[in-house]
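J.: Please read through the structure below; I'll follow up with questions.
None of the figures in this text is laboratory data; all of them are computed from the coordinates on show. The structure displayed is predicted, hence computed values, not measured ones. Every residue, glycine as well, gets a Cβ built from its backbone with ideal geometry; the counts of neighbours run over all protein chains shown.
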Amino acid sequence: MSIEISKIERELETWSSKTIRMVIIGIGNPLRKDDAVGLEVLGSLQANHSDSVLLIESETVPENVIEPIITFNPSHLLIIDAALMGLEPGSVQLMEQIMTRSRPISTHALPLSLFSDHIRDRIGAKVALLAIQPENTDFGEGLTKELKKTVRSLNKILEKILSNIK
């Protein structure tokens, strides 16, 4: 995982370069184990960042926070969510193009591809999805051991990136 995390760190640093204002939105269902990983990553970030950073927890309805995002007018929007990618649990991918196969299919009321396109079209923000492969999305609370490790690693990377946003 350390090689993959190093790669993600480089990708996030490149993607977030020239950030003026950033929104990070955590998505997930806290009652479905690893599906809550986006919320856990967001919750592990310190709240004392500059006024140029906005952290938003949306659970499973990111469309409910469209207006606060547009009002904040970020240059960058990072969405953090669990995603079934057929990878090892805890694997992470940064996706700047949030694609669906032939049509918008998602566990969210508004597919993330439409959500991100709407934000991009309205304010011109750079949008990316930090997708994390879950191990277990059964009903229950708490992350699996592997995803807890991923959250700790991502926390270090994101804290470093956020500390550079003035």
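J.: Give the calculated FRET efficiency between Thr14 and Asp121 to the nearest 0.05, with a Förster radius of 25 Å applied to their Cβ-Cβ distance. Kindly include the intermediate steps, with their values, before the conclusion.
T.: Values: r = 23 Å, r/R0 = 0.93.
The formula returns an efficiency of 0.60 here.
J.: Around Lys126, which amide H atoms from residues at least 5 apart in sequence, or from another chain, sit under 5 Å from its own amide H, with H modelled in the peptide plane?
T.: Close amide H contacts, sequence-distant or interchain: His76, Leu77.
J.: Let me ask another. Just going by the charge dipole of the chain, with Lys and Arg at +1 and Asp and Glu at -1 on Cβ, which of Ile24, Val37, Leu114 is farthest out on the positive end?
T.: Working it through, the farthest residue towards the positive pole turns out to be Ile24.
J.: Can you tell me which lysines have their Cα less than 24 Å from the Cα of Lys18? Leave out same-chain residues fewer than eight positions away.
T.: Excluding near neighbours in sequence, the set is Lys7, Lys126, Lys156, Lys160, Lys166.
J.: Quick one: net charge around Thr137, please, counting Lys, Arg +1 and Asp, Glu -1 for every other residue with C-beta under 13 Å from its C-beta. If you can, show how the numbers build up before the last one.
T.: Details: positive: Arg32, Lys33; negative: Asp34, Asp35, Asp81, Glu135, Asp138, Glu141.
With Lys, Arg at +1 and Asp, Glu at -1, the neighbours total -4.
J.: Additional query: Rounded to the nearest 0.05, what FRET efficiency do Asn136 and Gln97 give with R0 = 25 Å and r taken as the Cβ-Cβ distance? Could you check?
T.: On the way: r = 28 Å, r/R0 = 1.11.
With R0 = 25 Å, the Cβ-Cβ based efficiency is 0.35.
J.: Right, next: What is the gain in length, in nm to one decimal, between Met85 and Ser52 on full extension, counting 0.36 nm per residue of separation less the C-alpha to C-alpha distance? All intermediate terms of the calculation are to be shown ahead of the outcome.
T.: Values: separation 33, 0.36 × 33 = 11.88 nm, distance 3.18 nm.
Extending this stretch completely gives an extra 8.7 nm.
J.: What are the ³J(HN,Hα) values, in whole Hz, obtained from phi via the Karplus relation 6.51 cos²θ - 1.76 cosθ + 1.60 with θ = phi - 60°, for each residue of the range 129-138 in sequence order, with x given for Gly and Pro?
T.: For the range 129-138, the Karplus-derived couplings read 10, 9, 9, 10, 6, x, 9, 9, 10, 5 Hz, x marking Gly and Pro.
J.: Choose one answer from Asn29, Asn48, Asn136: the residue with the largest mean-square fluctuation in a GNM of the chain with alpha-carbon springs under 10 Å.
T.: Checking each option, the largest mean-square fluctuation is seen for Asn48.
J.: Enumerate the calculated ³J(HN,Hα) couplings along the range 14-19 in order (Karplus 6.51 cos²θ - 1.76 cosθ + 1.60, θ = phi - 60°), each rounded to whole Hz, writing x wherever the residue is Gly or Pro.
T.: For the range 14-19, the Karplus-derived couplings read 5, 4, 8, 4, 6, 5 Hz, x marking Gly and Pro.
J.: Over the range 2-163, what is the percentage of antiparallel beta bridges among all DSSP beta bridges, to the nearest 5? Before the final figure, lay out the partial values.
T.: Details: 4 of 23 bridges.
In the range 2-163, DSSP labels about 15 percent of beta bridges as antiparallel.
J.: Using θ = phi - 60° and the Karplus form 6.51 cos²θ - 1.76 cosθ + 1.60, what ³J(HN,Hα) does each residue of the range 29-39 get, whole Hz, x for Gly and Pro?
T.: Result, ordered by residue: 9, x, 9, 10, 6, 5, 5, 7, 4, x, 5 Hz.
J.: Quick one: divide the alpha-carbon radius of gyration of the range 21-62 by 2.2 N^0.38 Å and tell me what you get.
T.: 1.18
J.: Counting Lys and Arg as +1 and Asp and Glu as -1, what is the net charge of the other residues whose Cβ lies under 13 Å from the Cβ of Asp51? Kindly include the intermediate steps, with their values, before the conclusion.
T.: Values: positive: Arg21, Lys166; negative: none.
Its environment carries a net charge of +2.
J.: Note down, for the chain, the three equivalent ellipsoid semi-axes (square root of 5 times each alpha carbon gyration tensor eigenvalue), biggest first, whole angstrom.
T.: Details: eigenvalues 96, 73, 45 Å².
So the three semi-axes of the chain are 22, 19, 15 Å.
J.: Moving to a separate point now. Which of the three applies to the range 1-93, rounded, prolate or oblate, going by the alpha-carbon gyration tensor with a ≥ b ≥ c and a/c under 1.5 meaning rounded? Provide the component values of the computation, followed by the final result.
T.: On the way: a/c = 1.97, a/b = 1.18, b/c = 1.66.
Oblate shape, in that a/c is at least 1.5 and b/c is the bigger or equal ratio.
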